[in-house]
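S.K.: Would you mind keeping the following structure in view while I ask a few things?
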Amino acid sequence: MKQVYFIFSAFLFSVLSINAQAQNQIERPLGFTNASELGASEILTMSGTSYEELMAHADELEASKGQTIQGRVIFHDTNASQSGTWTTLNDGTKVWRLTLSSPEAMSVCAYFDGFYLPEGSALFIYNADRTYFEGPIGSEENNNHMRYMTNDIWGESITLEYIQPADVVGEPVLDVMGAGHFFQYVYPPAELADAQRGGASGGCQVDVNCPEGEFWTAQRDGVVRLRITDGNDIGLCSGSLVNTTAFDCRQYVLSAMHCAPTVSDADMAFLQFRFNYERPMEDANDDGVPEWEECSVLGGSSARNRTGAIRLADSNDDSPNGFEGSDFLLLEVEDDIPDNYRPFFAGWDATNTTSPSGKGIHHPSGDYKKISEYTQPAQSIWWGAPGSHWEVRWSATETDHGTTEGGSSGSPLYNEAKRIIGTLSSGFSDCVQSGQFGPNAPDQYGKMSYHWNNNPNSSDQKLKEWLDPEGSSSGQGIQIIDGAYRNGEGSCDPALNTEEFTLGYEAFYIAPNPSSDFLNLRIKSSSLLHTVTVFDQTGKMVAMEQISGPVASIQLSELPSGIYYVTLQDANGLTQTKKWSKI
């Protein structure tokens with residue numbers, strides 16, 4: 001479904017392949033290999049709202065706010081002590097299982113408001129007939145806020161299975177908050193034929209790994225899918241990691257404010273970023289080499305998610321009549337993004353310069369990552385406010401005529417130099433011609449230049465304060481930068497020479513981390529003099545100290561507990577930033 005003011009689709013989350021990043025040796029759930037020894041699992045049935053009521057609610061929100069609701073949270077507080085079945089095997093392995101059932105759901109996921117897995121243990125989820133599972137989910141998913149959600153699996157029920165080998169030390173925390181009940185835009189496992197996928201995006205959409213995306217792989221790697229929990233509602237948008245003028249690999253994601261205008265801090269802990277959700281290139285010649293000349297028919301990606309976001313800034317332009325600015329939202333991914341996710345921090349252009357051509361990369365209807373192309377110049381228009389948006393019309397390409405859909409909101413618009421110039425706010429483009437909607441109808445993107453300094457938000461909410469923190473105090477600062485891949489911990493590898501901007505890999509350590517009253521640094525930089533600056537989660541500087549020598553201990557007992565960012569700068573102005581947890 002399309003709308004005039006917003007393109008915001010509720011979350012759908014297709015079933016994923018097995019998580020390849022877990023570090024433990026438990027590879028399959030025992031429910032698949034030792035089912036007879038484990039016996040039956042306790043079933044917790046959750047009563048939800050009827051399909052008709054859910055659709056009526058979704059239609060009302062789409063009409064009033066431009067949101068397309070795809071799922072609902074059904075709350076039911078319990079934990080591994082109160083619910084589920086515990087079994088101890090002959091070798092001392094402990095197994096806990098609980099089946100969550102939500103009648104009439106197309107798919108189901110689990111929400112945890114208390115989540116901790118001891119190192120060496122594993123959690124799996126699988127479907128009712130034991131033909132598909134995800135996991136192992138291990139201790140790498142532990143986080144400070146102890147919130148976690150699983151992916152959703154096709155069907156009315158999922159089974160949670162926790163396995164703790166006899167030699168694993170510690171007790172798990174498995175506090176179930178409820179289940180996600182999904183009722184539209186749901187995808188069965190990627191290995192099933194497209195005809196069985198149950199409501200994929202429109203037939204005109206172009207996979208990002210078709211020839212149209214051949215020279216846009218870095219930009220592709222920066223685009224993520226956002227799964228958004230807002231009270232009872234579950235929704236979806238797109239976004240992109242963005243670079244800063246410090247080239248510090250801060251995990252900033254730029255999206256649209258209308259994707260999450262009222263999401264509480266508690267629900268931000270459940271916001272889930274999905275990386276690399278795309279079809280692979282097809283090995284058409286069966287020679288082990290992916291071919292750009294062919295588009296893959298099937299395929300999927302690993303379960304590459306980060307759960308938890310920090311809301312940093314937004315346009316503050318939401319109103320009953322739509323938005324009254326450029327509609328941007330800046331988030332920070334709370335937990336570290338693993339290197340094997342290939343995170344790319346996109347470059348941007350905030351100069352208000354139009355582009356003769358470019359691309360849009362997004363997740364329409366929550367589907368695999370797609371790419372759209374425009375070959376006519378982006379037009380500056382009044383949309384919410386004078387000159388706040390770019391308007392583009394998509395062109396037919398060699399593969400098809402890609403457009404946008406619900407779920408594409410917040411996705412980046414790139415100019416011909418492959419820098420972001422806008423984020424998707426609204427539009428009329430659609431695969432099917434129907435009234436004012438159709439393949440040649442326009443879409444509207446909030447301008448980076450308007451995000452920069454022009455919205456009705458406070459000075460500390462201007463985008464320039466976050467993306468150009470050093471230059472923001474004097475004029476407009478730096479307004480054009482290129483993107484960068486991460487190059488080791490805490491540094492980026494921009495298209496220019498990395499050494500011009502950042503210190504080398506492992507320039508300093510924080511140990512112990514976390515710590516309480518003292519920030520203890522061990523410095524490996526060749527410079528003798530350094531400046532240490534500490535920032536809180538909002539980007540506010542809370543401490544600065546000049547130090548000399550390879551070891552320093554800075555007294556910070558007055559700071560409250562939480563997450564901080566520590567930047568080390570040498571005498572030449574080179575920097576490196578790392579995260580510190582104060583307890």
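The values are calculated or read from the model by the stated rules, or taken from the named source; none is laboratory data. In this text the structure is predicted, and so the values were computed from the model without any measurement. Cβ coordinates were reconstructed from backbone atoms using ideal geometry, including for glycine residues, and neighbour counts include every protein chain displayed.
S.K.: For the subset of region 468-480 comprising residues that are within 27 Å of D221 (Cα to Cα) and out of contact with any helix residue (DSSP H, G or I) (no Cβ under 8 Å at 6 or more places or on another chain), which member is modelled with the highest pLDDT?
M.R.: Filtering first and then ranking leaves I480.
S.K.: For region 515-536, what are the residues that are loosely packed, with under 15 Cβ neighbours inside 10 Å and modelled with pLDDT under 85?
M.R.: R522, K524, S526, L528, L529 - these are the residues of region 515-536 that are loosely packed, with under 15 Cβ neighbours inside 10 Å and modelled with pLDDT under 85.
S.K.: In the list R97, R72, which residue meets the criterion of being in contact with a strand residue (DSSP E or B) (Cβ under 9 Å, 6 or more places away or on another chain), of a type in the set (K, R) and under 30 Å from S238 (Cα atoms)?
M.R.: R72
S.K.: Can you give me the number of residues within region 537-562 that are at pLDDT below 85 and closer than 30 Å to L331 by Cα?
M.R.: Residues flagged as at pLDDT below 85 and closer than 30 Å to L331 by Cα within region 537-562 amount to 5.
S.K.: From the residues in region 42-62 that are at pLDDT 85 or above and among the polar types (S, T, N, Q), which one is nearest to S409 (Cα to Cα)?
M.R.: Residue satisfying both the conditions and the ranking: S50.
S.K.: Filter region 316-334 for residues that are part of a strand (DSSP E or B) and in contact with an Asp or Glu (Cβ under 6 Å, 6 or more places away or on another chain); which is modelled with the lowest pLDDT?
M.R.: Here the answer is F323.
S.K.: Okay, next question. Yes or no: region 237-245 includes at least one residue that is surrounded by fewer than 24 Cβ atoms within 10 Å (Cβ to Cβ), in contact (Cβ under 8 Å) with a residue 12 or more places away in the chain and small (G, A, S).
M.R.: Scanning region 237-245, I find no residue that is surrounded by fewer than 24 Cβ atoms within 10 Å (Cβ to Cβ), in contact (Cβ under 8 Å) with a residue 12 or more places away in the chain and small (G, A, S), so the answer is no.
S.K.: Say we look at region 149-185 and pick out the residues that are under 22 Å from the mean Cα position of the chain (by Cα) and more than 21 Å from L44 (Cβ to Cβ); which of these is modelled with the highest pLDDT?
M.R.: Among them, the one singled out is Q184.
S.K.: Could you grab me the full set of residues in region 532-583 that are more than 24 Å from the chain's Cα centre (by Cα) and on the phi > 0 side of the Ramachandran plot?
M.R.: G549, G573
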